[in-house]
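Accompanying notes for the structure given below.
The values are calculated or read from the model by the stated rules, or taken from the named source; none is laboratory data. Predicted model only: the values in this text are computed from it and were never measured. Here the Cβ positions follow ideal geometry from the backbone for every residue, glycine too, while neighbour counts run over all protein chains shown. To get the accessible areas, we keep the full protein, side chains included, count just its heavy atoms, and leave off ligands, DNA and RNA. Shrake-Rupley method; radii C 1.70, N 1.55, O 1.52, S 1.80 Å.
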Amino acid sequence: MMGRMIQKMANDEAKSFKLWRGTKALAAAALALSLFTSAAFTNPAAASGSLQQTTNAASLYASGTTHSATSYEEITDIVFNVMSNNYGEHVTIRYRGDTAGIDKKLQQVFKDVGAKDDYMRFVLKKMTWNWTSTAFEATIDFRMTYWETPEQSEAVREEVQKAVADKSIASKRNREQLLAMYEWVMGRLRYDRTLANHSAYAGLFGTEGTVCQGYALLLHRMLEETGYESRLVYGKAKGDLHIWNMVKLNGTWHHLDATLDDPAYGRSKLAYFMKPESVMLKDHTWDLAAYPRTEATTKSSK
């Protein structure tokens, strides 16, 4: 049988995705941030502890390679491992199994790939896929593009490492340290009102700044580098598509929105720093089930 064609695009925060269908083309799909859900994942290559195993994994999951799979979970892991290998841009998978409903199942693969790593989820610019299939076999071709190159992401990491090693951040702990990082991000970045730049790298080293995606990615890197559990939240703020952060401190989750708190953006400073859902829900919306709940909201709802 032939797969239907489905194509979804969201090239920036201001655009919603649309659906196209065709009868002769194979299936295809592209990045739509709202499809992602929450999950945890450890890259087996990174966890191996063996340089030889890591080298072999890098070769195995190189961009342009072809793999076999007998489940959609295997497909998810293969695609993610190729993406994790220097932002691989292409992988082909030969799937053996029931192909009924393959279009919807590949959309779920797309969501599950994004759920494995928040930075990867939002540094991904677009993913497309197409397939040919019979009742029990399919050849699936995935292609990815990114907001950053591997070298640019490494430059972001190095800049973050220098920042958090400075005594203005390193000498502080807990809430004071979080505030120091929050203010560092707001002081270093400026909002790109052209909405053209979406990466942390563009915000740090570009000339036009970055949008909320870049703010959230940079803060996420800083939180991870200093050992805090962190999430990137996708939703809306004041009716517009938006991305912000959550951080876990002393067992409790809190929201942080450095974009809207940036004085240069025209908002009140620290209005969105370490806030519970009860505060954020006044002008933010998101899938509550996909993210950790905050203690203040949970207690108030009992």
Check: Per residue, what accessible area does segment 170-228 have, given a 1.4 Å probe and all protein chains present, in Å²?
Finding: 41
Next item on the list: For the pairs Lys248/Lys269; Lys162/Lys238; Lys126/Lys269, note any where the Cα-Cα span goes beyond 29 Å.
Entry: Lys162/Lys238; Lys126/Lys269
Item checked: In order through segment 58-63: 3J(HN,Hα) via Karplus (6.51 cos²θ - 1.76 cosθ + 1.60), integer Hz, x for Gly, Pro -> 4, 5, 4, 9, 5, 4
Check: Among the aspartates and glutamates, which fall within straight-line cross-link reach of Lys105, defined as a Cα-Cα distance under 16 Å, with same-chain neighbours fewer than 8 residues apart omitted?
Finding: Glu73, Glu74, Asp77, Glu137, Asp141
Next item on the list: For His90, enumerate residues with amide H under 5 Å from its amide H, sequence gap 5+ or separate chain, H modeled in the peptide plane.
Entry: Gly64, Met144
Margin query: Leaving ligands and nucleic acids out of the surface, order Arg143, Arg121 by accessible area at 1.4 Å, largest first.
Written below: Arg143, Arg121
Next item on the list: Give me the distance between the Cα centres of segment 74-150 and segment 199-258, rounded to whole Å.
Entry: 25
Checklist line | Those GluC sites (Glu not before Pro) in segment 201-286 that DSSP places in a loop and that have at most 15 other beta carbons within 10 Å | finding: Glu208
Checklist line | DSSP-loop trypsin sites (Lys or Arg not before Pro) across segment 167-248, with at most 14 other Cβ within 10 angstrom | finding: Arg173, Arg193, Lys238
Notebook entry, point to check: Residue-wise, which Karplus ³J(HN,Hα) couplings in Hz belong to segment 199-213, taking 6.51 cos²θ - 1.76 cosθ + 1.60, θ = phi - 60°, and x for glycine or proline?
Noted result: 10, 5, 4, 4, x, 7, 10, x, 9, 10, x, 8, 8, 4, 4
Item checked: Cα Rg over Rh - segment 117-211, Kirkwood -> 1.17
Margin query: Viscosity 1.567 mPa s, temperature 4 °C: what is the translational diffusion coefficient of segment 205-302 from Stokes-Einstein with a Kirkwood Rh over Cα pairs, rounded to a whole number of µm²/s?
Written below: 93
Checklist line | Residues with amide H under 5 Å from that of His242, placed H, sequence gap 5 or more | finding: Gly235, Lys236, Ala237
Next item on the list: Starting at the first residue of segment 166-181, write each ³J(HN,Hα) from the Karplus equation 6.51 cos²θ - 1.76 cosθ + 1.60 with θ = phi - 60°, in whole Hz, x for Gly and Pro.
Entry: 5, 4, 5, 10, 5, 7, 9, 9, 6, 4, 5, 5, 4, 5, 4, 5
Check: Once amide H atoms are placed 1.01 Å from N in the peptide plane, what residues at a sequence separation of 5 or more from Thr294, or on another chain, have their amide H within under 5 Å of its amide H?
Finding: Glu277
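Quick one: with all protein chains in place, what share of the accessible area of segment 106-191 is carbon or sulfur, to the nearest percent (1.4 Å probe)?
Answer for segment 106-191: carbon and sulfur cover 46 percent of the accessible area.
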Margin query: Given a Förster distance of 30 Å, report the FRET efficiency between Arg173 and Glu295 from their Cβ-Cβ distance, rounded to the nearest 0.05.
Written below: 0.90
